[in-house]
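First the structure, in the form of C-alpha cells, and then the observations on it.
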Amino acid sequence: MTLKKWFFLFWSCMAVGALACVINGAIMAGVDPEFGFLGFKAVGFNALMMAMVGLLIGAFSQMGFFAYLTLNYIALSVFRKKYLWNALQGYTTLFAALGLGYMLYNKQINGWFFWLLPLLLLVFSALITWFKVKQTNKTALVSTMFLMFVITFIEAWPALSGETNVPAIIFMIVPLFACNAYQIMMMHRLLKKETTDSSAIAAKPVV
C-alpha cells in the first residue's frame, strides 16, 4: 500500500461517509419530520451538517479499519496457525451479535429494535462478505464478516452506549457500515493494482 493509494482511500472513504450520512439523514427526516440538527428545519443546513458529520465518520471508520489490519497482522504472528485466529474471529462475531441484542434489550430502547438491528447487521455483513469472497477467495470469509459486524459494532459504541435513541444509532451505524464496506471492497483492488504495476515495472526491459 503506497502513500498515494492510502491517501486516495482516505479521502474517498470520507466522501462515502458524507454521502451516506446525507442520504441516510434525508430518509430519516422524511420518515420523522422532527429529525434535524439543533432543532433547525432548514434542509440546506441539515444537509451540510450531515455531510460534515459524515466526513468525521469516514475518518473514524478508516481508523478502525487500519486498527483491524494491525490487529490481524499481530494475531497471525501470535497464533501462528490461521485457523485458530479465524475460529476466534468467528466466535467473537457470534458473541458480538448476541451482545448487541442484549445491550439494546437491556436499555429498553424499542420493543423490536433490539433483535432487528443485530439481524440486519448480520445479513448485510454476510452480503458484503459474499461479494468479497466472490471477488477474491474463501480465505476472506471470516475476516470480512468480523470486520463488517464486530468492528462496525465497536465503532458505533458511542451511539449504542449511554443515553441514546434509535435515530441516533441508525444515523451513526449506517454510514459506518457503508464506509467499512467500501474499504474492504476497495482494498484488494488497490493491492491488485499495486502488484500489477510492480510486475509491469519488473518486466520492463532495461535499456
Among Val123, Ile169, Ala26 the positive-end extreme of the charge dipole of region 3-189 (Cβ point charges): Val123
Among 76-85, 56-65, 116-125, the order from most to least packed when residues are scored by Cβ within 10 Å on average: 56-65, 116-125, 76-85
Residue-by-residue Karplus 3J(HN,Hα) for region 116-122, coefficients 6.51, -1.76, 1.60, Hz, glycine and proline x: 6, 5, x, 5, 5, 5, 5
Positive-end residue, region 3-189 charge dipole about Cα centroid, Cβ charges, pick of Met49, Tyr182, Leu98: Tyr182
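Bear in mind these aren't lab numbers, they're just calculated from the coordinates by the rules spelled out. Being a predicted model, the structure only gives us computed values, none of them experimental. Glycine also receives a Cβ, built like all others from the backbone with ideal geometry; neighbour counts cover every protein chain displayed.
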